[in-house]
Structure formats: C-alpha cells, structure tokens
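Notes to accompany the following structure.
Bear in mind that the values in this text are calculations on the coordinates, not laboratory data. Note that the structure is predicted; figures quoted are calculated from it, not measured. Neighbour counts run over all protein chains shown; Cβ positions are idealised from the backbone, glycine included.
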Amino acid sequence: MQNWKQCDTILLDMDGTLLDLRFDNYFWCELVPLKYAEKNKITRAEAKKVLVPLFKQMEGRIEWYCLDYWTQTLDLNIAELKAVVADQISILPYVMDFLTTLQHSQKQVVLVTNAHQDSLRLKMKKTGLQSFFDAIICSHDFGVAKEHPLFWKAFHQKIQFNKSTTLMIDDSLAVLKAAKQFGVGQLIAISQPDSQQPPKTIEGYCTIKNFEALL
C-alpha cells in the first residue's frame, strides 16, 4: 500500500472519500423524502416508494448527480435544501493529515468528483479543502459520470497524467472499475464512506477504512 508514494499523480474522490457520506445519505434518504411528502401531502413512506425507484433508475448516470435534474423532476429546490443543512457536511478522519502530506510533496493532486457544481461549491465553501488541489474536476463539465469510459477520455485530455504512476482513491466500485479499465495504475477503495455505517466488503481492490492507513 505504501507504493502510492511512488505515484506522480493522486486522484481523489470527494463524497465518501474525503467527505463523510453520512450527509448525502441523510439528504437523499431522509430529507428529500420528507420534503417531497410534505409538498405532495403524502406520508414519508409513500414518498420513498415513489423516490427509491426513480433514484435507482439513474444510478451511475450523470442525472443521478445533477441537482438541476432532481429539482425539475421532484419540483423541489435541491440546491437550496442542501444549503439549509450544510452544517452537517463533515470531513472524514485523517483526511486533513493525508492532504497536508500531499501538499508537501511534489505530486499532482486532483479532486475528481461526480458532484454537481452547486454541491461542489457548497462543500468547498464549508470545508475549505480547495486549496489542497492542483485542479478540481467535475464530471458535469464533461456531461458524463466517472463510471463511464468517455469521462476518462475527456478527463485525460484536460489533465495530463501518466496512467501507470497515478493513484485513484474512491468509495465507488463502479468508478474504480472504470478507472481500472482506463489504465490507472493504482486503485484504493474506501470501505467506510459513511461514518455511521459499518465498513463495506470490497472484493478485488486494495481497501482502506480511512486515510490513516496511508500515513
């Protein structure tokens, strides 16, 4: 696992890797159903029966991460709702230590996220993490999610890096598979993206619970 120190470029996911996925899980699984229920005068359980299939249908697609799409589809101001509960956004353990270590290295450090631009701005404003990155890449700028091969082609054209000496750290198995297919040399999976849930079992990838393992 210490081989990451030999890499020239470090690609880091945001939600569930640097930031606690507890915020997003609460937002989409609890707050959005509550607000949808209130708006449509139904119970929260009824709202979830409507929303869960809609969410499932868009998994892995750029629409799943697009606040504008869900604002239009659900007739709820999703960006505004996120801002209201922004105080619940938090950084995962040992992330600051790892980013500080990278900051004192000669490595190219890039944040690569599927988060919508509005969500990205909100979270950077809340956490102040933007100063740790040489570049911040949002998949919405390319119109395709990180799970798709076309993202990696467009991303590599924008940010030059040597695939074999690059490390990608992410909590999404689908994203890691796409990165592997593209040829990224080292891949690490985060097994506990949500601090309130137990670690996940991830087969076929080097896995860490948090960044303490890389310090």
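Based only on other Cβ atoms within 10 Å, what is the fewest-to-most ordering of 85, 144? Could you put the intermediate results ahead of the total?
Details: 85 12, 144 19.
So the ranking, lowest neighbour count to highest, is 85, 144.
When the C-alpha to C-alpha distance is required to be over 18 Å, the pairs from 82/123; 146/180; 56/180; 49/200; 82/158 that qualify are 56/180; 49/200; 82/158. Can you tally the net charge around residue 104? Count Lys and Arg as +1, Asp and Glu as -1, for every other residue whose Cβ sits under 13 Å from the Cβ of residue 104. Counting the neighbours of residue 104, the net charge comes to +1.
Give me the net charge for the shell around residue 9: Cβ to Cβ below 15 angstrom, other residues only, Lys and Arg +1, Asp and Glu -1.
Numbers: positive: 5, 107, 158, 163; negative: 8, 13, 134, 170.
Net of charged neighbours comes to 0.
Exposure proxy for 175, 52: other Cβ atoms within 10 Å of each Cβ, ordered fewest to most, give 52, 175. I want to make sure I understand the PRE zone here: with the label point 7 angstrom from the Cα of residue 80 toward its beta carbon, which residues in the stretch 100-141 have backbone N atoms less than 20 Å away? Within reach of a label on residue 80: 116-123. By the helix-only formula, in which each DSSP H run with n ≥ 4 contributes -39500 (n - 2.57) and the sum is divided by residues, the chain has a 222 nm mean residue ellipticity of -11000 deg cm²/dmol. Here the gap between residue 213 and residue 28, fully extended at 0.36 nm per residue and compared with their Cα-Cα distance, gives a gain of 63.6 nm.
Give, in nm to one decimal, the length gained when the segment between residue 181 and residue 50 is fully stretched (0.36 nm per residue of separation minus the Cα-Cα distance).
Values: separation 131, 0.36 × 131 = 47.16 nm, distance 3.47 nm.
Contour length minus Cα-Cα distance gives 43.7 nm.
Figure legend: label point modelled 7 angstrom from the Cα of residue 61 along Cα→Cβ; residues of the stretch 147-181 with amide N under 16 Å from it are 147-149. Each residue, residue 97 and residue 130, gets one label point 7 Å from its Cα in the Cβ direction; the gap between the two is 2.8 nm. Site pair residue 90 and residue 104 shows an inter-label distance of 2.7 nm when each label is modelled 7 Å from Cα along Cα→Cβ. The three principal axes of the C-alpha atoms in the chain carry coordinate ranges of 57, 33, 32 Å, sorted with the longest axis first. A straight line joining the Cα centroids of the stretch 150-215 and the stretch 52-123 runs 16 Å.
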